[in-house]
Amino acid sequence: MPESQNKEVVRRYWDEVMNQGNLEVIDEIVADDFIGHGPSPFAHNRGGLKETLLATRTLAEATGRQSLYVIEDIIAEDDEVATRVANTMRPPMDVEELYPRIADTMTNPNIWVENASRLSVAIHKLRAGKICEQWLVGYYEGMTAEDYRRRQEHRRHQSNGKRHRH
């Protein structure tokens, strides 16, 4: 497909699926054999992607929050489309609600209350007009280098503890 059409498919993903929560669109624009590479341990195939997005939508509805994804940059080459996306949750959710496991490793958990903006870079590979693979990385604005260092240290301690138990 032409790069302009591939960009349009990815725009639909961010707008119709992620912003509007229209999970039916996934069947139209995501391939049956979709492979996801990213932070979610569940969204590694199309079914897991749907389940993750449904759980996210359910949480947002239950807490009265709305998540908005804004494409800041979109670049296409051949069958790949890269996007830089800003995601803001309103009203913001604090870190203890969002990620209970890392709350104790943060030096400033209130950054999540003041600024719940996540910046992500996604690369989507398309085949026959459908997303067949996705790579997603992101970080939360406001997380300091010290917060990140403490989080990584906490993860190392957890990993070491698991190895010693076996």
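Points worth noting:
- Considering segment 5-37, and only residues there that are among the polar types (S, T, N, Q) and over 17 Å from the mean Cα position of the chain (by Cα), the residue that is surrounded by the fewest Cβ atoms within 10 Å (Cβ to Cβ) turns out to be 5.
- Within the set 102, 75, 131, the sole residue that is farther than 27 Å from residue 5 by Cα and either surrounded by 15 or more Cβ atoms within 10 Å (Cβ to Cβ) or at pLDDT 85 or above (or both) turns out to be 102.
- In a residue-by-residue description of segment 28-49, the property of being more than 17 Å from residue 118 (Cβ to Cβ), part of a helix (DSSP H, G or I) and polar (S, T, N, Q) applies to no position.
- The number of residues in segment 41-65 being within 19 Å of residue 24 (Cα to Cα), of a type outside the set (Phe, Trp, Tyr) and either out of contact with any Phe, Trp or Tyr (no Cβ under 8 Å at 6 or more places or on another chain) or loosely packed, with under 15 Cβ neighbours inside 10 Å (or both) comes to 13.
- Criterion violated by residue 68 - all others in (1) aliphatic (A, V, I, L, M); (2) out of contact with any strand residue (DSSP E or B) (no Cβ under 6 Å at 6 or more places or on another chain); (3) surrounded by fewer than 16 Cβ atoms within 10 Å (Cβ to Cβ) satisfied: (2)
- Only one of 46, 84, 65, 12 that is modelled with pLDDT under 90 and basic (Lys, Arg): 65
The values are calculated or read from the model by the stated rules, or taken from the named source; none is laboratory data. Values in this document were obtained by computation on a predicted structure and should not be read as measured data. Virtual Cβ from ideal backbone geometry, glycine too; neighbours counted across all protein chains shown.
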